[in-house]
Every structure is written in C-alpha cells, then in structure tokens.
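K.L.:
Supplied in structure tokens, the structure appears directly below.
The values are calculated or read from the model by the stated rules, or taken from the named source; none is laboratory data. These numbers come from a predicted model, not from an experiment. Because the Cβ atoms are built from the backbone with ideal geometry, glycine has one as well, and the counts that use them run over all protein chains shown. In case anyone asks, the SASA skips ligands and DNA or RNA and just uses the protein heavy atoms, side chains included. Shrake-Rupley method; radii C 1.70, N 1.55, O 1.52, S 1.80 Å.
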Amino acid sequence: MKSETGGTDFGDATRAVREGEGLDAARLAAYLRGRLPGFDAEPEVEQFPAGFSNLTYLLRAGGREYVLRRPPVGARVRTAHDMAREFRILSGLRPVYAKVPRALLFCEDASILGAPFYLMERVRGRILRARAGAGPELSPGVMRRLSEAFVDNLLEIHGVDYEAAGLGDLGRPEGYVLRQVEGWTRRYFDARTDEVPEIESLTAWLAEHAPGERGRAALIHNDYKYDNVVLAPDDPSEVLAVLDWEMATVGDPLMDLGTTLGYWVDADDPPEWQSLGFGLTALPGGLTRREVAERYALRGGRDVADVVFYYAYGLLKIAVIVQQIYLRYRRGLTRDERFAPLGHMVKACGRLALRAVELNRIDRLG
C-alpha cells in the first residue's frame, strides 16, 4: 500500500487516535497492572485507522506491543460487537488453528473504557489495504500466489475441527442459509435511512432462491478478505494470521465464500464498483471471482453450482453492514468522515447483485 510519504508500505500503520474515540490510558493502566503479566506502565496509545466496525488500538508499554479491541462508540447492534464472544473464539481456535493472534485478556467491566474490551498480541507482517498501488512488490506472479494461498487458507478454516476448539455451540447450522437471508434483511430495514429499491428487490430474490440444506456445517469467518489477513513480511503468499473474528460462527461454508466473493473486485467490474476501494483483487495476476470459486470447488471438493446466490447474498450482507455504519454517521454517533459516502456503497451493492442475478454469473458484470 502507499505510505503517507509516497513510498511502498505493506505494514498496518497506526495514527493518532481519532477525536471522540480516545482511551483513558491512566485508567486502563491501573486496571491492567497485576492482571496482564509485564504490564507496569501507562501505555502509549495509537489507533489502527482502517476498518469500519470495532475500534482497534495499538498499546506500547514496557517495551511490548498489544492490540486492544472494543466496540465502536454509539454502537447498538450488540451481537455484532460482542467482545466476550470474539475473545472466546480466538482462545479456542489457537490450539487447533494457529493462524490467529494470541488472546491475552478480556475485560467485561464497561466502567474502565466505556465498553467491554480485550487485548491480544500484535502479529507483525504485511496487510494489504484497499488503496495500495501496483508496485513491483505486487507483481502478477506475487498476486497469483497470494490469491491462491488466500483461497486455500479459507478452505483450511472450513476444515477446522470446531468441536475440538470448544466452539460447537457457536452457531446453529440447521436452517442457516434462510435464517441468514431473513436476518440480514431485517437488519437492513432496521437501519434504513434512504429508499434503495435495488436492495429491496435483492432481499426478495434471495428469499425465493435460497438453496436447501446440505449438511455441510463448518467454522466460517464471515468477513474473510485481504485486509483481514496478515501475510509474512518476506513472502506475501504465506498467511500468518487471520484477524477480525467478530462474526465467526458455525454454518454453511458456501455462505462464507459468498461474502469473500462480495468483497472481490474484478478488473472489468463496473467503474463505480472498482472505485469503492474494496481491495487489491483486481491487480494483474490475481484470480478473478470465477477463478476463486473454481479453485475453492476443485481443492475443497465442494459443489458451487449455486454460486450466483452466494455471491448475491455476500453483496447484501456487505450492504447491510455498510448501512448500519452509515446510520451511526447520520445520527451523529461518529465523526469519522470516511462514513459520509457509504450510502452510495449500499446502492452499488444492490445494483451489482441484481446484475449478477440477471446474467446468472459472477464475472463479466461490467
């Protein structure tokens, strides 16, 4: 990605904390002393500026680095910002799937920082953010290996023994597909700020075309995209860790694939979709959406005949997440100006999904 100085930087840079999202460092230090081994000084606090959901901070204290996660200010969708659940997922996964940060401490006392929070280790590596330039580090060969490794790691997640991780009760696989369509439809109307006929048409189509149950429950991440993956500093085709497990559950893995495809931008997509900056997937050499689905099917032995449905579902889900964030901005609960144009993104999701439905394919939608 392009750094502030114009060079190439694949790190996950931090910045000063945004106005209205600060932490009480002294109160935090007092709480952590005696609870977190080695923590004995008031921390320096910076913020990871990327991401639109939970707030993420970097703490430096005593020569060590920690990452703190807490819900966004003014958030009212509790199930989307359950810190205890996310901490439990990281803790359970670590013994059976090592590509997660080590969970260190959970605090449910909202009086400390205004909301529950947890701390985890910082995994240093490369994170490819949406606005990166196509420099020599992202050559076609690198992008090919990266995209292939990315798909293979999704299959690895779907193969995790979630029972051994103590996460067998994380979700309800029976009826998962239709329940998700109904749930995201309800969340959209609960957060609606403007009339978007495309989204309303999309919700109706998904309800009518939901595939039947196939008994293929798996652990699913539910937000698997490039900027939630930490890559090795010397080899961008090696996945070191997967971040942001807040929406993980047990359900149909093809719904997870659909979300990933929703974030995947092809080089020939409509200009408005390419302009949204969802990621680096359209750079030369990387797999296309169709190739992602084909590799997933071939290497995972899974039937993706209904891939248009799963892709359209992924776009609905993205639209709803964006709409929920946009609602907070419209209500003045956040001053983050990145949220101002999100209403246009909701409409773009609906238009692209209906285009895929109309053409009955997930590629060549431009």
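K.L.:
Could you tell me which residue out of A356, G141, N54 lies farthest along the dipole of the chain toward its positive end? Charges go on the beta carbon: Lys and Arg +1, Asp and Glu -1, centred on the Cα centre.
P.N.:
Comparing the listed Cα positions along the dipole, N54 ranks first.
K.L.:
In addition: Would you pull out the residues with amide H under 5 Å of T281's amide H, same chain only if 5 or more places away, H placed 1.01 Å from N?
P.N.:
Those lying under 5 Å, H to H, from T281 are V265.
K.L.:
With θ set to phi - 60°, apply the Karplus curve 6.51 cos²θ - 1.76 cosθ + 1.60 along segment 301-306 and write out the HN-Hα couplings as whole Hz, x wherever there is a Gly or Pro.
P.N.:
x, 10, 7, 10, 4, 9
K.L.:
When the dipole is taken about the Cα centre of the chain, and only Lys, Arg (+1) and Asp, Glu (-1) are charged at their Cβ, what size is it in debye, to the nearest 20?
P.N.:
440 debye
K.L.:
For segment 177-264, which GluC sites (Glu not before Pro) pass both filters: DSSP loop (anything but H, G, I, E, B) and at most 14 other C-beta atoms within 10 Å?
P.N.:
Sites meeting the loop and neighbour criteria: E195, E213.
K.L.:
Ok, one more. Once a ≥ b ≥ c are taken as the square roots of the eigenvalues of the Cα gyration tensor of segment 155-307, is the result rounded (a/c under 1.5), prolate (a/b larger than b/c) or oblate (a/b not larger than b/c)?
P.N.:
oblate
K.L.:
With N denoting the number of residues in the chain, provide Rg(C-alpha) divided by 2.2 N^0.38 Å, to two decimal places.
P.N.:
Its radius of gyration relative to the 2.2 N^0.38 Å reference: 0.97.
K.L.:
Starting from the Cα of R64, move 7 Å in the Cα-to-Cβ direction to define the label point; list residues of segment 23-45 whose amide nitrogen is under 13 Å from there.
P.N.:
The answer is 32-43.
K.L.:
So what is the calculated 222 nm ellipticity per residue for the chain, using -39500 (n - 2.57) for each DSSP H run with n of 4 or more, over all residues, to the nearest 500 deg cm²/dmol?
P.N.:
Computed ellipticity for the chain at 222 nm equals -12000 deg cm²/dmol.
K.L.:
Run the accessible area of segment 156-266 with a 1.4 Å probe and give the carbon-and-sulfur part as a rounded percent.
P.N.:
The C+S portion of the solvent-accessible surface of segment 156-266 is 46 percent.
K.L.:
Then there's this: In the chain, which helices (entire DSSP H runs) extend 24 Å or more along their own long axis, judged by Cα positions, while averaging at least 0.0 on the Kyte-Doolittle scale?
P.N.:
Going by DSSP H runs, the hits are 140-158, 307-330, 342-359.
K.L.:
Please work out how much accessible surface L359 shows to a 1.4 Å probe, ignoring ligands, DNA and RNA, in Å² rounded to 10.
P.N.:
That residue has around 50 Å² of solvent-accessible surface.
K.L.:
While we're on this one: Please identify, among V142, V322, V229, the residue showing maximal mean-square fluctuation in a Gaussian network model of the chain using a 10 angstrom Cα cutoff.
P.N.:
V142
K.L.:
Rolling a 1.4 Å sphere over the protein heavy atoms, what is the accessible area per residue of the chain, to the nearest Å²?
P.N.:
43 Å²
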